[in-house]
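Beneath this line is the structure, given in structure tokens, with notes to follow.
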Amino acid sequence: MSKDISQENSRASSPSRGTVVQAGGALPMGGFRITLARFVIIGGFLLLWEIASGRWIEPFLISSPSRILSSLIAGFREGDLFQHTWVTFQEIAIGFPLGAISGIALGYCFGRSRFLAEIFEPIIIALNGIPRTAVAPLFIVWLGIGLWSKVGVVFLLTFFLNFFNTYTGMRQMDREYIDLASLMGVKGWKLSFKVIFPAISPYVFTGIRTSIPFAVIGAIVGEFVASTEGLGFFIRMSAGIFKTADVFVGIIVLMIMVIIIDKIAEMIEKRALRWQNQTEHIQIQA
Amino acid sequence: MDGKPVIQVEDVSKLFRTPTEGTISALQGISLSIIPGEFVTVVGPSGCGKSTLLKLIAGFSPPSSGRILYQGEEVRGLNTKVGYVPQESKLFPWLTVEENVGFGLDAKRYSRQDRERQVRQFINLAGLAGFEKYYPAQLSGGMSKRASIMRALAYEPPGILMDEPFGPLDAQTRMVLQDELLKIWEQKRQTILFVTHDLVEAVALADRVLVMTHRPGKIKDIINVTMARPRNIFEIHRQDGFDDAYGRLWNIFRHELNIGPD
């Protein structure tokens, strides 16, 4: 599964990425050989790292896989790594859904109301031009050093991605679906939930999926700026005292967190968009 | 209300404002009246406002002048009592065939049993039995077209507007579907206004063919097709009355097409 999110810039991306990812995952082509090659590459890299550490490069610079593994185990067993993980997880678990839902809701409203969109669109675009992590210190000032300032940064980072993707979906969607449904007497919330949201759901899910790593970035940046616990705090503190193995431990836990959240989102997406994946064609005359 | 027209168009004109060409007149002084159970086709060169006429009757936009009555009432805003079959199938891709066909029933008052019976009946009519749980992406062009038509028929609106529904299909599929449409229509006798650019199709299906001129769209003539029903679409050329109606239609139409040396 390859997702290239190389820039923080929240530009709405086309929903095709989601489908491409799914199609790639479903490809049965030479499954075993690919898995084997993958293991050889990763194993080789780890081995090289292990050998290099202490021989060619100072361990305090790059640590080593064995040291990282033992730090990871020790961190969870004796240290407070679990507590740090829990804190960061909470920040994301609150900020991410809030940001995603508000972004989706606003994107939807803009799509429904030309009036609203005309008024606020330039404002939103201007706000989007602000490098959002630069606002993090402000959140500390406003919301304190604890949980809520980080929730604020996570919210900010996820909000725009979800907003832009949903709004793009609203503009790209085929109006004829709304016309047809309205003609059949469907209106109000039924129109929204039976027609509009399903129609834009590929875009909405693209927004959700692309914003997951940014939610984690938000939490970490918030913790870097000022905090007393959390994985960002743990990483910064460990780096400060040259406990490089612990820095890598923090990074690995974050990576696993992103992967788990993304997998959950992927499962939900696959269920919700199963109509899209059914591409097996039946050839029957007429 | 028997015998009273289902669709009445009274001196309707439609102007569009475009950024490049200024104001263009899409329809001019259109009047027509369609009685219950009638099958009327509209032919005309592309861009003559055929689709615009349907859109006005559906209430997607108001006429610039004149008025449209549907079952005796003036159309203001969306006409939710009319069925509409768009050019492409436009099935809701996130719903199964069954859910698509039943879509229009939800907003009307149907009991659960009635709803199921109705959906079943129309799925069977369209020969889609066995495909109820399929998504549109899994259907062939002909099958989605059928489902799309059934979606408009299933809630039994008194009038159905069809905008070149068979346009994008291959010739064979097209004939099969024309045949099926006529069979269903003969059972249900819903009033149909059917836009097409195919002269044979226009004659083969219709009781009356409306010929429209190039922009501004006016009604140039109306041809009564006296061919007996039920008709055999596959051998329509051999049926009594076809040549006559087609000949008259072609005579009117050739002037519209500007046929010349290149």
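As a summary of the residue check, B:Phe16 satisfies the conditions (1) under 29 Å from B:Asn251 (Cβ atoms); (2) touching a Ser or Thr at 6+ places or on another chain (Cβ under 9 Å); (3) surrounded by fewer than 16 Cβ atoms within 10 Å (Cβ to Cβ) except for the one numbered (1). Taking B:Arg248, is it at negative phi, surrounded by fewer than 19 Cβ atoms within 10 Å (Cβ to Cβ) and not in a helix (DSSP H, G or I)? No: the conditions fail for B:Arg248. Restricting segment B:188-230 to residues that are without any contact (Cβ under 8 Å) to a residue 40 or more places away in the chain and in a helix (DSSP H, G or I), the residue that is nearest to B:Ile30 (Cα to Cα) is B:Ala204.
Over 13 Å from the mean Cα position of the chain (by Cα) and under 21 Å from B:Lys90 (Cα atoms): which single residue out of B:Gly141, B:Gly167, B:Gly159 fits that description? Full working, then the answer.
Numbers: B:Gly167 fails: over 13 Å from the mean Cα position of the chain (by Cα); B:Gly159 fails: over 13 Å from the mean Cα position of the chain (by Cα).
So the residue among B:Gly141, B:Gly167, B:Gly159 that is over 13 Å from the mean Cα position of the chain (by Cα) and under 21 Å from B:Lys90 (Cα atoms) is B:Gly141.
Go through segment B:132-149 and give me each residue that's more than 8 Å from every other protein chain (Cβ to nearest Cβ) and surrounded by fewer than 21 Cβ atoms within 10 Å (Cβ to Cβ). Matches in segment B:132-149: B:Glu132, B:Lys133, B:Gly141.
Does B:Ser89 satisfy being polar (S, T, N, Q), surrounded by fewer than 20 Cβ atoms within 10 Å (Cβ to Cβ) and more than 15 Å from B:Glu10 (Cα to Cα)? Spell out the reasoning first.
Details: polar (S, T, N, Q): yes; surrounded by fewer than 20 Cβ atoms within 10 Å (Cβ to Cβ): no; more than 15 Å from B:Glu10 (Cα to Cα): yes.
No; evaluated as a whole, the condition is false for this residue.
Exactly one residue out of B:Gly77, B:Gly37, B:Gly104, B:Gly47 is outside any strand (DSSP E or B) and under 27 Å from A:Arg274 (Cβ atoms): that is B:Gly104.
Name the residues in segment B:149-194 that are of a type in the set (Ser, Thr, Tyr) and under 17 Å from B:Leu205 (Cβ atoms), would you? So that I can check it myself, show each step before the final result.
Applying the first criterion (of a type in the set (Ser, Thr, Tyr)) to segment B:149-194 yields B:155, B:173, B:191.
Scanning segment B:149-194 gives B:Thr173, B:Thr191.
Among the residues making up segment B:208-226, those that are surrounded by fewer than 18 Cβ atoms within 10 Å (Cβ to Cβ), out of contact with any Cys (no Cβ under 7 Å at 6 or more places or on another chain) and either farther than 18 Å from B:Arg248 by Cα or not basic (Lys, Arg) (or both) are B:Asp221, B:Ile222, B:Asn224, B:Thr226.
Let's see how each residue does on (1) in a helix (DSSP H, G or I); (2) in the same structural domain as A:Gln90 (by TED's automatic domain parsing); (3) surrounded by fewer than 23 Cβ atoms within 10 Å (Cβ to Cβ):
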| residue | (1), (2), (3) |
| --- | --- |
| A:Leu157 | yes, yes, no |
| A:Gly169 | yes, yes, no |
| A:Asp179 | yes, yes, yes |
| A:Glu223 | yes, yes, no |
| A:Glu229 | no, yes, yes |
| A:Phe234 | yes, yes, no |
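Looking across segment B:71-96, the residues that are in contact (Cβ under 8 Å) with a residue 40 or more places away in the chain and away from every other protein chain (no Cβ under 12 Å) come down to B:Gln71, B:Gly72. Inside segment A:181-196, residues that are at negative phi and either surrounded by fewer than 18 Cβ atoms within 10 Å (Cβ to Cβ) or touching a residue at least 12 places away in the same chain (Cβ under 8 Å) (or both) make up a count of 10.
Per the listing B:Glu180, B:Glu186, B:Glu201, the residue uniquely within 11 Å of another protein chain (Cβ to nearest Cβ), of a type outside the set (Val, Ile, Thr) and out of contact with any His (no Cβ under 8 Å at 6 or more places or on another chain) is B:Glu180. Among the residues of segment B:152-176, the one identified as at the interface with chain A (Cβ under 8 Å from one of its Cβ atoms) and crowded, with 22+ Cβ neighbours inside 10 Å is B:Tyr155.
Residues that are of a type in the set (Ser, Thr, Tyr) and either within 24 Å of B:Asp11 (Cβ to Cβ) or without any contact (Cβ under 8 Å) to a residue 60 or more places away in the chain (or both): does segment B:241-255 have at least one? Checking segment B:241-255: at least one residue is of a type in the set (Ser, Thr, Tyr) and either within 24 Å of B:Asp11 (Cβ to Cβ) or without any contact (Cβ under 8 Å) to a residue 60 or more places away in the chain (or both).
To keep it simple, each residue is scored yes or no on (1) at pLDDT below 85; (2) surrounded by 14 or more Cβ atoms within 10 Å (Cβ to Cβ).
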{"residue": "A:Asp4", "(1), (2)": "yes, no"}
{"residue": "A:Ala12", "(1), (2)": "yes, yes"}
{"residue": "A:Ala23", "(1), (2)": "yes, no"}
{"residue": "A:Arg33", "(1), (2)": "no, no"}
{"residue": "A:Ile42", "(1), (2)": "no, no"}
{"residue": "A:Ile62", "(1), (2)": "no, yes"}
{"residue": "A:Ile68", "(1), (2)": "no, yes"}
{"residue": "A:Ile73", "(1), (2)": "no, no"}
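If you go through segment A:160-180 and keep only what is more than 14 Å from every other protein chain (Cβ to nearest Cβ) and of a type in the set (Lys, Arg), you end up with just A:Arg171.
The values are calculated or read from the model by the stated rules, or taken from the named source; none is laboratory data. Predicted model only: the values in this text are computed from it and were never measured. Heads up, the Cβs are rebuilt from the backbone with ideal geometry, glycines too, and the neighbour counts pull from every protein chain shown.
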